[in-house]
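Undergrad: Following this message is one structure expressed as C-alpha coordinates.
The values are calculated or read from the model by the stated rules, or taken from the named source; none is laboratory data. Because the structure is predicted, anything quoted here is derived from the model rather than measured. Because the Cβ atoms are built from the backbone with ideal geometry, glycine has one as well, and the counts that use them run over all protein chains shown. Calculation scope for accessible area: heavy atoms of the full protein, side chains included, ligands and nucleic acids excluded. Shrake-Rupley method; radii C 1.70, N 1.55, O 1.52, S 1.80 Å.
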Amino acid sequence: MDKEGSLIVISGFSGAGKGTLVKKLVENYDNYALSVSMTTREPRPGEIDGVHYHFATDEEFERIIADGGMIEYAGYCGHYYGTPRDFVTQRLAEGKDVILEIEIQGAQKVRRQFPNAVLLFVMAPSGRELYQRLTGRGTETDDVIRKRMWRAVDESEGIDSYDYVVINDDLDECVAQVNSIVRAAHARPSQNQEFIKKIRLELKDILKGEES
Ligand code: 5GP
(Lines give C-alpha, C1' and ligand atoms only; values in the text may rest on other atoms or scores of the structure.)
Protein backbone atom coordinates (compact mmCIF):
# COMPACT_ATOMS: atom_id res chain seq x y z
CA MET A 1 0.00 0.00 0.00
CA ASP A 2 1.05 3.55 -0.62
CA LYS A 3 2.36 4.73 2.75
CA GLU A 4 2.26 8.46 2.10
CA GLY A 5 -0.69 10.35 3.65
CA SER A 6 -3.21 12.41 1.71
CA LEU A 7 -3.69 16.14 1.63
CA ILE A 8 -7.19 17.04 2.79
CA VAL A 9 -8.31 20.54 1.89
CA ILE A 10 -11.24 21.90 3.85
CA SER A 11 -12.78 25.15 2.65
CA GLY A 12 -16.07 26.80 3.42
CA PHE A 13 -17.74 30.10 4.08
CA SER A 14 -16.53 32.05 7.05
CA GLY A 15 -18.84 30.98 9.90
CA ALA A 16 -19.61 27.52 8.45
CA GLY A 17 -17.90 25.94 11.46
CA LYS A 18 -14.75 24.63 9.73
CA GLY A 19 -12.54 25.36 12.73
CA THR A 20 -14.65 23.28 15.13
CA LEU A 21 -15.08 20.54 12.55
CA VAL A 22 -11.34 20.22 11.96
CA LYS A 23 -10.57 20.30 15.69
CA LYS A 24 -13.00 17.43 16.32
CA LEU A 25 -11.64 15.44 13.41
CA VAL A 26 -8.13 15.58 14.85
CA GLU A 27 -9.42 14.72 18.36
CA ASN A 28 -11.60 11.79 17.27
CA TYR A 29 -9.22 10.03 14.87
CA ASP A 30 -5.46 9.58 15.07
CA ASN A 31 -4.56 9.59 11.37
CA TYR A 32 -4.79 13.37 10.96
CA ALA A 33 -2.30 16.20 11.32
CA LEU A 34 -3.55 19.78 11.18
CA SER A 35 -1.45 22.34 9.36
CA VAL A 36 -1.17 25.66 11.22
CA SER A 37 -1.40 28.50 8.71
CA MET A 38 0.43 31.80 8.79
CA THR A 39 -1.57 35.03 8.63
CA THR A 40 -1.03 38.77 8.84
CA ARG A 41 -4.44 39.44 10.40
CA GLU A 42 -4.70 40.38 14.09
CA PRO A 43 -5.28 37.52 16.57
CA ARG A 44 -8.87 37.24 17.83
CA PRO A 45 -9.37 37.09 21.60
CA GLY A 46 -8.27 33.65 22.78
CA GLU A 47 -6.22 32.82 19.66
CA ILE A 48 -2.71 31.59 20.46
CA ASP A 49 0.31 32.17 18.23
CA GLY A 50 1.57 28.83 16.88
CA VAL A 51 -1.68 27.02 17.79
CA HIS A 52 -4.47 28.72 15.84
CA TYR A 53 -2.18 30.56 13.43
CA HIS A 54 1.41 31.69 13.15
CA PHE A 55 0.83 35.45 13.34
CA ALA A 56 3.27 37.45 11.21
CA THR A 57 3.90 40.91 9.82
CA ASP A 58 3.61 41.64 6.08
CA GLU A 59 7.43 41.75 5.86
CA GLU A 60 7.89 38.37 7.57
CA PHE A 61 5.20 36.81 5.40
CA GLU A 62 6.69 38.19 2.18
CA ARG A 63 10.16 36.94 3.13
CA ILE A 64 8.83 33.39 3.57
CA ILE A 65 7.08 33.58 0.18
CA ALA A 66 10.35 34.74 -1.42
CA ASP A 67 12.23 31.83 0.20
CA GLY A 68 9.72 29.33 -1.26
CA GLY A 69 8.52 28.43 2.23
CA MET A 70 4.79 28.46 1.40
CA ILE A 71 2.91 25.71 -0.44
CA GLU A 72 0.27 28.30 -1.27
CA TYR A 73 -0.90 31.67 -0.04
CA ALA A 74 -3.76 34.02 -0.78
CA GLY A 75 -5.19 37.41 0.10
CA TYR A 76 -8.44 37.28 2.09
CA CYS A 77 -10.33 40.42 3.17
CA GLY A 78 -7.14 42.50 3.17
CA HIS A 79 -4.72 40.05 4.81
CA TYR A 80 -2.30 37.32 3.76
CA TYR A 81 -2.96 33.69 4.67
CA GLY A 82 -0.58 30.86 3.73
CA THR A 83 0.41 27.23 4.34
CA PRO A 84 4.01 26.72 5.56
CA ARG A 85 5.63 23.98 3.47
CA ASP A 86 7.87 22.00 5.88
CA PHE A 87 5.20 20.77 8.30
CA VAL A 88 3.05 19.46 5.44
CA THR A 89 5.80 17.58 3.61
CA GLN A 90 7.11 16.01 6.84
CA ARG A 91 3.71 14.80 8.04
CA LEU A 92 2.71 13.44 4.61
CA ALA A 93 5.95 11.46 4.52
CA GLU A 94 5.07 10.03 7.97
CA GLY A 95 1.80 8.75 6.49
CA LYS A 96 -0.49 11.32 8.15
CA ASP A 97 -3.50 12.78 6.37
CA VAL A 98 -2.70 16.46 6.52
CA ILE A 99 -5.62 18.87 6.86
CA LEU A 100 -5.40 22.33 5.32
CA GLU A 101 -8.23 24.62 6.38
CA ILE A 102 -7.88 27.21 3.62
CA GLU A 103 -9.96 29.38 1.30
CA ILE A 104 -10.80 28.70 -2.32
CA GLN A 105 -7.87 30.35 -4.16
CA GLY A 106 -5.40 28.42 -2.00
CA ALA A 107 -7.38 25.22 -2.59
CA GLN A 108 -6.96 25.58 -6.37
CA LYS A 109 -3.19 26.09 -5.98
CA VAL A 110 -2.99 22.94 -3.85
CA ARG A 111 -4.98 20.99 -6.45
CA ARG A 112 -2.43 21.93 -9.16
CA GLN A 113 0.57 20.87 -7.05
CA PHE A 114 -1.04 17.80 -5.44
CA PRO A 115 -3.50 16.23 -7.91
CA ASN A 116 -4.41 13.53 -5.36
CA ALA A 117 -5.54 16.05 -2.74
CA VAL A 118 -9.13 15.63 -1.54
CA LEU A 119 -11.05 18.91 -1.63
CA LEU A 120 -14.11 19.36 0.62
CA PHE A 121 -16.37 22.37 0.88
CA VAL A 122 -18.24 22.86 4.17
CA MET A 123 -21.57 24.69 4.10
CA ALA A 124 -23.85 25.97 6.84
CA PRO A 125 -27.38 24.58 6.46
CA SER A 126 -28.65 27.97 5.15
CA GLY A 127 -27.55 31.52 4.34
CA ARG A 128 -29.57 32.86 7.29
CA GLU A 129 -27.87 30.39 9.65
CA LEU A 130 -24.46 31.47 8.34
CA TYR A 131 -25.32 35.13 8.95
CA GLN A 132 -26.48 34.33 12.47
CA ARG A 133 -23.30 32.36 13.25
CA LEU A 134 -21.13 35.23 12.00
CA THR A 135 -22.96 37.89 14.00
CA GLY A 136 -23.40 35.62 17.05
CA ARG A 137 -19.67 35.00 17.36
CA GLY A 138 -19.27 38.66 18.36
CA THR A 139 -15.62 38.82 17.26
CA GLU A 140 -16.01 40.85 14.02
CA THR A 141 -17.31 44.33 13.29
CA ASP A 142 -20.38 44.80 11.05
CA ASP A 143 -18.08 45.91 8.25
CA VAL A 144 -15.95 42.74 8.48
CA ILE A 145 -19.10 40.58 8.61
CA ARG A 146 -20.43 42.22 5.43
CA LYS A 147 -17.04 41.65 3.70
CA ARG A 148 -17.13 37.98 4.72
CA MET A 149 -20.74 37.59 3.51
CA TRP A 150 -19.81 39.09 0.11
CA ARG A 151 -16.79 36.83 -0.02
CA ALA A 152 -19.14 33.87 0.61
CA VAL A 153 -21.22 34.97 -2.39
CA ASP A 154 -18.05 35.00 -4.55
CA GLU A 155 -16.83 31.67 -3.18
CA SER A 156 -20.18 30.01 -3.86
CA GLU A 157 -19.31 30.32 -7.58
CA GLY A 158 -16.28 28.05 -7.14
CA ILE A 159 -17.81 25.16 -5.21
CA ASP A 160 -18.13 22.98 -8.33
CA SER A 161 -14.35 22.62 -8.44
CA TYR A 162 -14.39 20.73 -5.10
CA ASP A 163 -14.68 16.95 -4.80
CA TYR A 164 -17.28 16.94 -2.00
CA VAL A 165 -19.77 19.25 -0.31
CA VAL A 166 -20.63 18.62 3.34
CA ILE A 167 -23.37 20.38 5.30
CA ASN A 168 -22.44 21.24 8.86
CA ASP A 169 -25.81 20.96 10.57
CA ASP A 170 -25.07 18.33 13.22
CA LEU A 171 -21.35 18.60 14.08
CA ASP A 172 -20.77 14.96 15.07
CA GLU A 173 -22.46 13.68 11.90
CA CYS A 174 -20.42 16.07 9.82
CA VAL A 175 -17.13 14.94 11.43
CA ALA A 176 -18.01 11.28 10.79
CA GLN A 177 -18.97 12.06 7.19
CA VAL A 178 -15.69 13.86 6.48
CA ASN A 179 -13.74 10.94 7.96
CA SER A 180 -15.65 8.47 5.75
CA ILE A 181 -14.86 10.56 2.68
CA VAL A 182 -11.15 10.57 3.54
CA ARG A 183 -11.15 6.80 4.15
CA ALA A 184 -12.88 6.25 0.81
CA ALA A 185 -10.38 8.50 -0.96
CA HIS A 186 -7.59 6.19 0.23
CA ALA A 187 -9.18 3.45 -1.88
CA ARG A 188 -8.78 5.38 -5.14
CA PRO A 189 -6.41 3.78 -7.70
CA SER A 190 -4.26 6.91 -7.73
CA GLN A 191 -3.68 6.41 -4.00
CA ASN A 192 -2.61 2.78 -4.47
CA GLN A 193 -0.17 2.88 -7.35
CA GLU A 194 2.61 0.97 -5.56
CA PHE A 195 0.24 -1.82 -4.57
CA ILE A 196 -1.17 -2.09 -8.09
CA LYS A 197 2.33 -2.30 -9.61
CA LYS A 198 3.35 -4.96 -7.07
CA ILE A 199 0.36 -7.20 -7.86
CA ARG A 200 0.93 -6.83 -11.60
CA LEU A 201 4.56 -7.95 -11.24
CA GLU A 202 3.58 -10.78 -8.91
CA LEU A 203 1.01 -12.12 -11.41
CA LYS A 204 3.55 -12.01 -14.22
CA ASP A 205 6.12 -13.83 -12.05
CA ILE A 206 3.60 -16.59 -11.30
CA LEU A 207 2.81 -16.98 -15.00
CA LYS A 208 6.51 -17.06 -15.95
CA GLY A 209 7.09 -19.73 -13.27
CA GLU A 210 4.33 -21.88 -14.78
CA GLU A 211 5.71 -21.52 -18.30
CA SER A 212 9.23 -22.67 -17.44
P1 5GP B 1 -10.16 33.51 9.51
O2 5GP B 1 -9.66 34.93 9.48
O3 5GP B 1 -11.65 33.44 9.71
O4 5GP B 1 -9.39 32.66 10.50
O5 5GP B 1 -9.86 32.87 8.08
C6 5GP B 1 -10.30 33.51 6.92
C7 5GP B 1 -10.19 32.58 5.73
O8 5GP B 1 -8.83 32.29 5.46
C9 5GP B 1 -10.89 31.24 5.95
O10 5GP B 1 -11.67 30.96 4.78
C11 5GP B 1 -9.75 30.27 6.07
O12 5GP B 1 -10.10 28.98 5.57
C13 5GP B 1 -8.70 30.92 5.19
N14 5GP B 1 -7.34 30.47 5.49
C15 5GP B 1 -6.81 30.16 6.69
N16 5GP B 1 -5.54 29.76 6.56
C17 5GP B 1 -5.25 29.80 5.23
C18 5GP B 1 -4.10 29.47 4.45
O19 5GP B 1 -3.06 29.03 4.93
N20 5GP B 1 -4.18 29.64 3.10
C21 5GP B 1 -5.31 30.11 2.50
N22 5GP B 1 -5.30 30.22 1.16
N23 5GP B 1 -6.42 30.41 3.20
C24 5GP B 1 -6.40 30.26 4.55
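Undergrad: What size of dipole, in debye to the nearest 20, comes out for the chain about its Cα centre when the only charges are +1 on Lys and Arg C-beta atoms and -1 on Asp and Glu C-beta atoms?
TA: Computed charge dipole of the chain: roughly 300 debye.
Undergrad: Per 0.36 nm of contour for each residue apart, how much would the distance between GLU94 and ARG188 grow if the chain were fully extended, relative to their Cα-Cα spacing?
TA: 31.9 nm
Undergrad: What's the carbon and sulfur percent of the chain's accessible surface, probe 1.4 angstrom, rounded to a whole number? The partial results should precede the final answer.
TA: Values: 6250 of 11970 Å².
The computed percentage sits at 52.
Undergrad: Find the centroid of the Cα atoms in segment 186-212 and in segment 91-151, then give the distance between the two in whole Å.
TA: So the separation of the two Cα centres works out to 39 Å.
Undergrad: Of all DSSP beta bridges in the chain, what percent run antiparallel (nearest 5)?
TA: Bridges in the chain are about 30 percent antiparallel.
Undergrad: Another question about this same structure. Springs between alpha-carbon pairs under 10 angstrom, Gaussian network model over the chain: which of GLY75, GLY17, GLY136 fluctuates most?
TA: Looking only at GLY75, GLY17, GLY136, the biggest GNM fluctuation is shown by GLY136.
Undergrad: Can you count the Lys pairs in the chain with C-alpha separation below 30 Å, eight or more apart or on different chains?
TA: 25
Undergrad: Enumerate by residue number the trypsin sites (Lys or Arg not before Pro) in segment 1-76 meeting two conditions: DSSP loop (anything except H, G, I, E, B), and at most 16 other Cβ atoms within 10 Å of the site's Cβ.
TA: Passing both the DSSP loop test and the Cβ count: LYS3, ARG41.
Undergrad: So how strong a dipole does segment 92-212 carry about its Cα centre when Lys and Arg Cβ are +1 and Asp and Glu Cβ are -1, to the nearest 20 debye? Each step should come with its number before you reach the end.
TA: Values: 18 positive and 22 negative charges, 80 e Å.
Charge dipole of segment 92-212: 380 debye, to the nearest 20.
Undergrad: Once Rh for segment 1-141 is found with the Kirkwood sum over Cα pairs, what is the Stokes-Einstein diffusion coefficient at 25 °C and 0.890 mPa s, in µm²/s?
TA: Working: Rh = 15.9 Å.
Diffusion coefficient, whole number: 154 µm²/s.
Undergrad: If you don't mind, another one. Would you please give the FRET efficiency between VAL144 and ARG112, computed as 1/(1 + (r/R0)^6) with r the Cβ-Cβ distance and R0 = 30 Å, to the nearest 0.05?
TA: Working: r = 30 Å, r/R0 = 1.00.
For R0 = 30 Å, the calculated efficiency reads 0.50.
Undergrad: How far, in degrees from 0 to 90, does helix 18-28 lean away from the longest principal axis of the Cα atoms of the chain, to the nearest 10?
TA: Roughly 40 degrees, rounded to the nearest 10.
Undergrad: Pick from GLY138, GLY46, GLY158 the residue whose mean-square fluctuation is largest in a GNM of the chain, springs joining Cα atoms under 10 Å.
TA: Result: GLY46 has the largest fluctuation of those listed.
Undergrad: For segment 140-212, which GluC sites (Glu not before Pro) pass both filters: DSSP loop (anything but H, G, I, E, B) and at most 12 other C-beta atoms within 10 Å?
TA: Filter output for segment 140-212: GLU157.
Undergrad: For segment 131-210, which trypsin sites (Lys or Arg not before Pro) pass both filters: DSSP loop (anything but H, G, I, E, B) and at most 13 other C-beta atoms within 10 Å?
TA: Passing both the DSSP loop test and the Cβ count: ARG137.
Undergrad: Here is a follow-up. Calculate for the chain the 222 nm mean residue ellipticity that helices alone would give, adding -39,500 (n - 2.57) per DSSP H run of length 4 or more and normalising by residue count, nearest 500 deg cm²/dmol.
TA: Theoretical 222 nm ellipticity from helices: -14500 deg cm²/dmol.
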